[in-house]
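Colleague: First the structure, then my questions, so here it is.
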Amino acid sequence: MWSAGRGGSAGPVLLGLLLALLVPGGSAAKTGAGLVTCGSVLKLLNTHHRVRLHSHDIKYGSGSGQQSVTGVEASDDANSYWRIRGGSEGGCPRGSPVRCGQAVRLTHVLTGKNLHTHHFPSPLSNNQEVSAFGEDGEGDDLDLWTVRCSGQHWEREAAVRFQHVGTSVFLSVTGEQYGSPIRGQHEVHGMHSANTHNTWKAMEGIFIKPSVEPSAGHDEL
């Protein structure tokens with residue numbers, strides 16, 4: 001059975017501020033305007049299944065029992081905002097472009113929990129469960145994801161992958177949908193292979209102005 005958790009008090013206030021500031025194009029300047037930067041708040045779209053990464057104050061009824069993470073088709077759902085943070089204190093200064101190969105945390109804005117995975121089976125596909133974990137942005141070392149992309153930095157128009165540092169799985173969607181109480185939402189899970197089910201693109205959000213001029217370079221997705 002699914003269960004409702006306890007929401008944090010800071011999330012709605014932060015989200016209200018975000019929505020008040022949200023304008024097309026965010027706050028990025030012309031220099032490096034196409035890059036995702038540390039401290040930015042955004043939505044992530046799975047490019048194959050066309051769903052946005054989502055969480056909410058509802059716990060899994062099996063597996064870890066932690067807060068569930070799903071994919072939703074709606075573009076205007078307030079529970080789909082995630083903040084880009086560093087893997088350690090000072091590891092991702094506000095406004096610094098996120099590098100390809102950099103480890104980051106994705107913190108759910110409304111609940112303050114981090115995108116997380118571990119060795120539990122996912123409820124529908126029996127892949128690896130992905131959950132939201134921690135309190136006020138503080139969790140553990142299983143909250144770290146490496147940004148896999150082509151080039152030197154994470155570009156807003158480019159497809160990227162998120163590979164879990166601890167277990168090597170890729171953040172994925174394969175189309176399975178839940179019933180009540182989150183009917184129609186898609187299962188999000190971890191898969192060991194890089195494929196079309198695990199590419200994501202930055203969508204709506206506030207993109208912090210780049211604080212440094214990015215350098216050129218090329219890496220592999």
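Colleague: Yes or no: H186 touching a residue at least 40 places away in the same chain (Cβ under 8 Å), closer than 20 Å to G65 by Cα and buried (at least 18 other Cβ atoms within 10 Å of the Cβ)? If you could, list the steps in order and put the result at the bottom.
Modeller: Details: touching a residue at least 40 places away in the same chain (Cβ under 8 Å): yes; closer than 20 Å to G65 by Cα: yes; buried (at least 18 other Cβ atoms within 10 Å of the Cβ): yes.
Spelling it out, H186 is indeed touching a residue at least 40 places away in the same chain (Cβ under 8 Å), closer than 20 Å to G65 by Cα and buried (at least 18 other Cβ atoms within 10 Å of the Cβ).
Residue-wise test of (1) part of a strand (DSSP E or B); (2) of a type outside the set (V, I, T).
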residue: I84; (1), (2): yes, no
residue: G90; (1), (2): no, yes
residue: G95; (1), (2): no, yes
residue: G101; (1), (2): no, yes
residue: V104; (1), (2): yes, no
residue: T111; (1), (2): no, no
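Colleague: Here are H118, H108, H164: which of them is at pLDDT 95 or above, farther than 23 Å from V36 by Cα and open to solvent by less than 30 Å² (accessible area, probe 1.4 Å)?
Modeller: Working: H108 fails: farther than 23 Å from V36 by Cα; H164 fails: farther than 23 Å from V36 by Cα.
Answer to the selection: H118.
Colleague: Can E176 be described as modelled with pLDDT of 95 or more, in contact with an Asp or Glu (Cβ under 6 Å, 6 or more places away or on another chain), surrounded by fewer than 18 Cβ atoms within 10 Å (Cβ to Cβ) and not aromatic (F, W, Y)? Spell out the reasoning first.
Modeller: On the way: modelled with pLDDT of 95 or more: yes; in contact with an Asp or Glu (Cβ under 6 Å, 6 or more places away or on another chain): yes; surrounded by fewer than 18 Cβ atoms within 10 Å (Cβ to Cβ): yes; not aromatic (F, W, Y): yes.
Yes, satisfied.
Colleague: Something else now. Any residue in the stretch 168-189 that is within 27 Å of S96 (Cα to Cα) and in a loop (DSSP other than H, G, I, E, B)? So that I can check it myself, show each step before the final result.
Modeller: Start the filter on the stretch 168-189 by keeping residues that are within 27 Å of S96 (Cα to Cα), which leaves 168-172.
Now restrict to residues that are in a loop (DSSP other than H, G, I, E, B): 168-169.
Among the residues of the stretch 168-189, at least one is within 27 Å of S96 (Cα to Cα) and in a loop (DSSP other than H, G, I, E, B), which makes the answer yes.
Colleague: Another question about this same structure. Going through the stretch 128-138 one residue at a time, which ones are in contact with a Ser or Thr (Cβ under 7 Å, 6 or more places away or on another chain) and over 16 Å from F162 (Cα atoms)?
Modeller: Let us first name the residues in the stretch 128-138 that are in contact with a Ser or Thr (Cβ under 7 Å, 6 or more places away or on another chain), namely 128-132, 137.
Once the filter is applied, which keeps residues that are in contact with a Ser or Thr (Cβ under 7 Å, 6 or more places away or on another chain) and over 16 Å from F162 (Cα atoms), the stretch 128-138 yields only G137.
Colleague: Do you know which residues across the stretch 121-161 are under 18 Å from R83 (Cα atoms), touching a residue at least 60 places away in the same chain (Cβ under 8 Å) and open to solvent by less than 20 Å² (accessible area, probe 1.4 Å)?
Modeller: Matches in the stretch 121-161: V130, S131, A132, W154, V160.
Colleague: Give me a count of the residues in the stretch 187-215 that are among the β-branched types (V, I, T) and either at pLDDT below 95 or within 16 Å of L42 (Cα to Cα) (or both). Reasoning before the result, please.
Modeller: Taking the stretch 187-215 first, the residues among the β-branched types (V, I, T) are 188, 196, 199, 206, 208, 212.
Filter once more, keeping what is either at pLDDT below 95 or within 16 Å of L42 (Cα to Cα) (or both): 199, 206, 208, 212.
Residues that pass the stated criteria total 4.
Colleague: Here is a further query. Can you name the residue in the stretch 75-85 that is more than 13 Å from the chain's Cα centre (by Cα) and touching a residue at least 40 places away in the same chain (Cβ under 8 Å) and, of all such residues, is surrounded by the fewest Cβ atoms within 10 Å (Cβ to Cβ)?
Modeller: If we filter the stretch 75-85 for residues that are more than 13 Å from the chain's Cα centre (by Cα), which is where we start, we get 75-78.
With touching a residue at least 40 places away in the same chain (Cβ under 8 Å) added as a condition, the list becomes 75, 78.
Working: S75: 12, A78: 16.
Per the stated criteria, the residue is S75.
Colleague: Filter the stretch 40-74 down to the residues that are in contact with a Lys or Arg (Cβ under 8 Å, 6 or more places away or on another chain), over 13 Å from V188 (Cα atoms) and not in a loop (DSSP other than H, G, I, E, B), then identify the one that is most open to solvent (accessible area, probe 1.4 Å).
Modeller: Checking each candidate, the answer is D57.
Colleague: Sticking with this structure for a sec: Would you check if there is a residue in the stretch 195-204 being farther than 23 Å from T37 by Cα, part of a loop (DSSP other than H, G, I, E, B) and over 15 Å from the mean Cα position of the chain (by Cα)?
Modeller: Let us first name the residues in the stretch 195-204 that are farther than 23 Å from T37 by Cα, namely 195-197.
Imposing the further condition that a residue be part of a loop (DSSP other than H, G, I, E, B) reduces the set to 195.
Now restrict to residues that are over 15 Å from the mean Cα position of the chain (by Cα): 195.
Checked against the condition, which is being farther than 23 Å from T37 by Cα, part of a loop (DSSP other than H, G, I, E, B) and over 15 Å from the mean Cα position of the chain (by Cα), the stretch 195-204 yields at least one hit.
The values are calculated or read from the model by the stated rules, or taken from the named source; none is laboratory data. Everything numeric here is computed off the predicted structure, so don't read it as measured data. Using ideal geometry, Cβ is built from the backbone for each residue, glycine included, and neighbour counts are taken over all protein chains shown. The accessibility values were calculated without ligands, DNA or RNA, using every heavy atom of the protein model including side chains. Shrake-Rupley method; radii C 1.70, N 1.55, O 1.52, S 1.80 Å.
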